[in-house]
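Novice: Provided herewith is a single structure, encoded as structure tokens, for subsequent inquiry.
The values are calculated or read from the model by the stated rules, or taken from the named source; none is laboratory data. Bear in mind the structure is a predicted one, so any value in this text is a computation, not a measurement. Cβ placement follows ideal geometry from the backbone for every residue including glycine, while neighbour counts extend to all protein chains displayed. For the accessible areas, the whole protein counts, side chains as well, though only heavy atoms, and no ligand, DNA or RNA atoms are used. Shrake-Rupley method; radii C 1.70, N 1.55, O 1.52, S 1.80 Å.
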Amino acid sequence: MKQALMEQIQQKNIHPPEPLGSYPASDVTFLLKDLSRVTLEKGTEDREEAIQSGVHYSEMLPVEYEPTAEYIVLFHETLAQSAEKVALAAASVAEMIVRKRGLNTAIVSLARAGTPIGILIKRYIDWKYGVSLPHYSISIIRGKGIDRNAILYILQQHGLEIELQFVDGWTGKGAIRQVLIEACREMNADYGLRLNDDLAVLADPGRCSETFGTREDYLIPSACLNSTVSGLMSRTVLRDDLIGPDDFHGAKFYESWRSVDQSNTFVDTVSGYFQDVAETAVAYADQMTLNPPAVTWQGLRDIEAIQQAFGIRDINLVKPGVGETTRVLLRRVPWKILIDREDNPNLQHIMLLAKDRGVPVEVFEGLTYSCCGIIKPLKGDKNDLRK
């Protein structure tokens, strides 16, 4: 059975990956088609209008603006404050992965927020266990699914016995986890595979993952920037006129931005704390293995409460968690920011960014997350929003 399945997978003529990104090749292989020469960017207002008019977000890209000096300062301040905390979360997740999957495992990061986290996990396991796990970064798109060619390529390279561990940065309302669950179910049904839909994340404030470093909702520094902390890679793209049946999903490599790239600064700084946090990470992973955490999807219920309170019909306009709220303030058109309490120490940069953009902030009691960003509806629902 397995031999027949492997023969079927090997017959798939997938175009091999091209060298992409600003990370060393030893850290990650991007299974993405290079679309660097294609003009795909739209300005913030135009992109927002297109998305809210029904154009799928994966058919275009936001304009990748050079980070301002203020955002670079924010990134470095946050990195200095939280590098050890991020290292502990990454080490804890790595230890859990070793216990759950063993060392015959490929790390499969979900581009692009998952990529630096996958690198940290790979580096920790290499440092602690002396094993260099293969690490790939692949595309998964809400409403369109996972890149099947990327999954099949990994199996072509490593065989059916290898375990795949999917990795992302954090959870919001759990939309990507739901896409992953469905994608694994479909691939298991279509190919007879045994993909595990477990999604390992640094932070799981949405309570929709079983493998996480913390459920605290705090700013992971890599959320402050876009491509310049993700190997100079864009978000992933899936358009029929650009991606053929044997291609990986696409992305752009902004190689001209190397002078402002912080990608390796982030992973190098955090990796430097592994020795300091290893003992605590081992104890954490042992405890989590003995007492597996419950997946309650509490975050999704929070979002439904916010929708009802503010008359928001489109759930995709509600972006929960510190990471997603930061991104709303940096690259979307925000309407307002909800916070759990005014003295939350994780919200200093959120308050600063909201003030700079003139976005109102209000307390929403009972919030599971530290904060939640609401995107401004550009038509339709804006007459229904309750002030």
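Novice: Say each of ASP268 and HIS56 gets a label point 7 Å from the Cα, pointing the same way as Cα to Cβ; how far apart are those two points in nm?
Specialist: 3.9
Novice: Let me ask another. Calculate one ³J(HN,Hα) per residue across segment 121-126 by plugging θ = phi - 60° into the Karplus curve 6.51 cos²θ - 1.76 cosθ + 1.60, and present them in order as whole Hz with x for glycine and proline.
Specialist: 5, 4, 5, 5, 5, 4
Novice: Rg and Dmax in Å for segment 268-320, alpha carbons only: what are they?
Specialist: Every Cα atom of segment 268-320 included, Rg and Dmax give 18.6, 49 Å.
Novice: Still on this structure: How would you order 266-277, 37-48 from highest to lowest mean count of nearby Cβ atoms within 10 Å?
Specialist: Ranked from most to least packed, the peptides come out as 266-277, 37-48.
Novice: Where the only charges are on Cβ atoms (+1 Lys, Arg; -1 Asp, Glu), what is the dipole of segment 255-358 about its Cα centre, to the nearest 20 debye?
Specialist: Dipole magnitude for segment 255-358 comes out near 660 debye.
Novice: Let me ask something else. On average, how much area does the Cα convex hull of the chain cover when viewed from any direction, in nm²?
Specialist: If I average the Cα hull's projected area over directions, I get 18.4 nm².
Novice: Continuing with this model, one more query. Percent antiparallel among DSSP beta bridges with both residues in the chain, to the nearest 5?
Specialist: Among the beta bridges of the chain, antiparallel pairing accounts for roughly 30 percent.
Novice: Per the helix-only calculation at 222 nm, which mean residue ellipticity applies to the chain, given -39500 (n - 2.57) for every DSSP H run of n ≥ 4 and division by its residues, nearest 500 deg cm²/dmol?
Specialist: That comes out to -13000 deg cm²/dmol.
Novice: Continuing with this model, one more query. How large is ³J(HN,Hα), in whole Hz, for each residue of segment 106-119 in order, when computed from phi with the Karplus curve 6.51 cos²θ - 1.76 cosθ + 1.60 and θ = phi - 60°, using x for Gly and Pro?
Specialist: Computed from phi, the couplings for segment 106-119 are 9, 7, 10, 7, 8, 5, 10, 4, x, 4, x, 6, x, 5 Hz.
Novice: Related question: What's the magnitude of the charge dipole for segment 136-197 around its Cα centre, counting Lys and Arg as +1 and Asp and Glu as -1 at the beta-carbon? Answer in Debye, nearest 20.
Specialist: Rounded to the nearest 20 debye, it is 260 debye.
Novice: For LYS376, what residues show an amide H to amide H distance below 5 Å, using hydrogens built from the backbone and excluding near sequence neighbours?
Specialist: VAL333, TRP335
Novice: Still on this structure, please answer the following. Can you tell me the FRET efficiency between THR39 and ASN316 if r is taken as the Cβ-Cβ distance and R0 is 35 Å, rounded to the nearest 0.05? List each step's numbers first, then the result.
Specialist: Numbers: r = 25 Å, r/R0 = 0.72.
After rounding to 0.05, the efficiency reads 0.90.
Novice: Quick one: check the C-alpha center-to-center distance for segment 81-137 versus segment 277-308, whole angstrom.
Specialist: Taking the Cα centre of each part, segment 81-137 and segment 277-308 sit 18 Å apart.
Novice: Still on this model: Explain nothing, just the number: dipole magnitude of the chain about its Cα centre with +1 on each Lys and Arg Cβ and -1 on each Asp and Glu Cβ, in debye rounded to the nearest 20.
Specialist: 560
Novice: Set Lys and Arg Cβ to +1 and Asp and Glu Cβ to -1, take the dipole of the chain about its Cα centre, and tell me which of PHE30, GLY114, PRO62 lies farthest positive.
Specialist: PRO62
Novice: Determine by what factor the alpha-carbon radius of gyration of segment 127-180 differs from 2.2 N^0.38 Å, reporting the quotient.
Specialist: Its radius of gyration relative to the 2.2 N^0.38 Å reference: 1.32.
Novice: If packing is taken as the average count of other Cβ atoms within 10 Å, what order do 143-151, 74-82, 319-327, 162-170 fall into, highest mean first?
Specialist: My ranking of the peptides, most packed first, is 319-327, 162-170, 143-151, 74-82.
Novice: Out of all Cα-Cα pairs in segment 4-46, roughly what percent, to the nearest whole number, are more than 16 Å apart?
Specialist: 62
Novice: Give the accessible surface of segment 279-358 per residue, rounded to a whole number of Å², with probe radius 1.4 Å and ligands, DNA and RNA excluded.
Specialist: Per residue, segment 279-358 has an accessible area of 48 Å².
Novice: For segment 229-354, what value does the Rg/Rh ratio take when both radii are computed over Cα atoms and Rh is the Kirkwood radius, given to two decimals?
Specialist: 1.03
Novice: Roughly how many percent of the accessible protein surface of the chain is carbon and sulfur, given a 1.4 Å probe and a whole-percent answer?
Specialist: Exposed carbon and sulfur together represent 47 percent of the surface.
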